[in-house]
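The structure appears below as structure tokens.
Nothing in this text is a laboratory measurement; each read-out follows from the coordinates by a stated rule. Everything numeric in this text was worked out from a predicted model, so none of it was measured. In this analysis, Cβ positions are derived from the backbone assuming ideal geometry, glycine residues included, and neighbour counts consider all displayed protein chains.
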Amino acid sequence: MFLLKSIPKVDKFVQHKAFSAMSAKLITKISKDIIQKLRDDILEEKATSVDENLLIEEVLKKYKEITSPSLQKVINATGVIVHTNLGRSLISPESFDRVKDIVTSYNNLEYDLEKGQRGERYSHISNTLCQLLDCEDVLIVNNNASAVFLVLNTFAKNKEVVVSRGELVEIGGSFRVPDVMASSGAILKEIGTTNKTHLKDYENACNENSAILMKVHKSNYSIEGFSSEVSHEEIVNVATKNNLIDYYDMGSGHMIDLPYNLNQTEPSVKEIMKVNPSLVSFSGDKLLGSVQAGIIVGKKKYIDKLKKNQLLRMLRVDKLTLAILEDNIISLLLDKKENIPTLNMLFTPITTLKSRASEVENKIQNICTCNIIETQTVIGGGTTPNKKIPTIALSIEFKNYKPSKIEKLFREKKVIGRIENDKFLLDFRSIQDSEIESITKIISEICNG
């Protein structure tokens, strides 16, 4: 009973000078919770003393936890360029600076400056993308999953969508093509087998209830060996003959020729547009290297119908997304891929990566065991499945420390590396040139600690 009486009163406790520069409302709420917990612990005989200074420390710690941003900057040393867990594609500081003045001011998001009346938000980027891809029209939604859903709901509600069994994809977060179809109201019609689908399968599947012939990018996996699939050009031809819509969910569509022969398995959006498809959709934040968005391109008559779907208002993107995406598309139109970090990392030569790794090695080799190794990595984000690209990494070893322990030490410093062949690696394929000094400093701090 004595301990209960010694618990400070909340109204007096929150007046302590330690809380003077903080939100009184939040401090009061936290204090009530902590003091109530102390009271409960005393009654349950879990606490045997009351220390006001410890209570103050606990409140300040909780206050800091709540008010500090949970989303924080990290250094991606995994080598995975489009790392979904680490925010996928980077936005260059120069690109962000170019759009800063627009998004921090009133702007003509839905205003036609020439006509002096309401305009359309999608028009800002459609001209640029149509020039780049030679397509009729463009629509931007918040991600490619939204694009898939919108297309299916608009054109195939209560109708059949023909898809190869080998393309019934499930990607991260349990996003499954069959489930998305069911949610959109479309009826899935599977054709072919897991490993082989032929042109005749599409032809035989067409009937009076068919709406779309759909091709899906095989994210995160590939089918090899005794296998075959039908090209989108052939699907376009079958759809045209049967007065149906052809739709290609490209997933990680890209606009330029990729290095390391990756184009052999990952066709560019430009190549697909040459066959005059009805609709194609792809992500903005994967191989395109821009912001999270679902980009739908194709024939204007179909894009116009998509714009009339009431769901679009729930799926549309804001001014920041459109501004950055437009800036990145302009860079691609002008052949300035160096303005886009994802592409810049992908095209960085091995010699440059080795030079950066050597710079770090020379500064830390006297304080820890390190070795430069040539290895391989993946692009990530469900792109180019099962295809690896060359990279350079620095293995870090501390005496009596397992790789998992070293990984944790670096993670605590917000450096995310990877373990390969029982060694902790810092992969320079995804480390920015501007981060070299920080990496060196962090290694020194860990060693000295």
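Side notes on the structure shown:
- Listed residues C135, Y106, P8: farthest to the positive end of the dipole of segment 1-137 (Cβ charges): P8
- 0 to 90° range, to nearest 10: angle between helix 403-412 axis and the chain longest Cα axis: 80 degrees
- Most fluctuating residue given options E229, E437, E114, as computed from a GNM of the chain linking Cα atoms under 10 Å: E114
- Here the Karplus curve 6.51 cos²θ - 1.76 cosθ + 1.60, taken at θ = phi - 60°, turns the phi angles of segment 32-46 into couplings of 4, 5, 5, 5, 5, 5, 4, 4, 5, 5, 5, 5, 8, 6, 8 Hz, with x standing for Gly and Pro.
- Figure legend: label point modelled 7 angstrom from the Cα of N371 along Cα→Cβ; residues of segment 387-401 with amide N under 20 Å from it are 390-401.
- Within a Gaussian network of the chain (alpha carbon springs, distance under 10 Å), most fluctuating of E326, E44, E167: E44
- Neighbourhood charge, 11 Å Cβ-Cβ cut-off, centred on G253 and excluding it, Lys, Arg +1 and Asp, Glu -1: -1
- Computed with the Debye formula from one identical point scatterer per Cα of segment 2-67, without solvent, the log10 of I(q)/I(0) at q = 0.15 Å⁻¹ comes to -0.44.
- Dipole size of segment 2-67 about its Cα centre, with +1 on Lys/Arg Cβ and -1 on Asp/Glu Cβ: approximately 340 debye, rounded to the nearest 20.
- Amide hydrogen proximity for I187: with H placed 1.01 Å from N in the peptide plane, the residues at 5 or more positions away or on another chain lying under 5 Å are N158, K159, E160, V161.
- Taking 23 Å as the straight-line reach from the Cα of K387, the lysines in range (excluding those fewer than 8 positions away in the same chain) are K196, K215, K218, K270, K286, K337, K354, K423.
- Longest to shortest principal axis, alpha-carbon extents of segment 92-339, angstrom: 54, 42, 33
- 3J(HN,Hα) from dihedral phi, segment 428-435, Karplus parametrisation 6.51/-1.76/1.60, rounded to Hz, x for glycine, proline: 7, 5, 10, 7, 6, 4, 6, 9
- Farthest toward the positive end of the dipole of the chain, out of F347, P403, Y221, is the Cα of P403, where the dipole comes from beta carbon charges about the Cα centre.
- For segment 155-237, taking Cα atoms only, Rg and Dmax work out to 12.6, 36 Å respectively.
- In this structure, H198 and E110 have a Cβ-Cβ separation that, at R0 = 45 Å, corresponds to a calculated FRET efficiency of about 0.45.
- Percentage relative contact order, segment 317-390, counting C-alpha pairs under 8 Å, at least six apart: 17 percent
- Globularity index of segment 70-121, i.e. its alpha-carbon radius of gyration over 2.2 N^0.38 Å: 1.74
- Label zone at N209, where the point sits 7 Å out along the Cα-to-Cβ direction: segment 132-174 residues whose backbone N lies under 13 Å: 157-162
- For segment 212-243, the residues whose backbone nitrogen is under 18 Å from a point 7 Å from the Cα of N261, taken along Cα to Cβ, are 222-225.
- Kirkwood hydrodynamic radius computed over segment 301-435 comes to 18.1 Å, based on all pairs of distinct alpha carbons.
- Principal-axis tilt of helix 144-155 within the chain, Cα atoms, nearest 10 degrees: 40 degrees
- Alpha carbon centroid spacing (whole Å) that separates segment 377-426 from segment 1-67: 42 Å
- Taking the helices alone, the chain has a mean residue ellipticity at 222 nm of -12000 deg cm²/dmol, built from -39,500 (n - 2.57) per DSSP H run of at least 4 residues and averaged over all its residues.
- Comparing A21, A77, A205 in a Gaussian network model of the chain where C-alpha atoms under 10 Å apart are linked, the largest mean-square fluctuation is found at A21.
- Each residue of segment 181-196 was assigned a 3J(HN,Hα) from its phi angle through the Karplus expression (A = 6.51, B = -1.76, C = 1.60, θ = phi - 60°), giving 4, 4, 5, 6, x, 7, 10, 6, 10, 7, 9, x, 10, 4, 9, 9 Hz with x at Gly and Pro.
- Of the chymotrypsin sites (Phe, Trp or Tyr not before Pro) in segment 130-238, the ones in a loop by DSSP (not H, G, I, E or B) with at most 13 other beta carbons within 10 Å are Y221, F226.
- Degrees, to the nearest 10: 93-103 long Cα axis against longest axis of the chain: 90 degrees
- For segment 92-339, a crude dipole built from +1 on the beta carbon of Lys and Arg and -1 on the beta carbon of Asp and Glu, taken about the Cα centre, is about 700 debye to the nearest 20.
- Under a model in which nothing but the beta-carbon of Lys, Arg (+1) and Asp, Glu (-1) is charged, the chain shows a dipole of about 1060 debye around its Cα centre.
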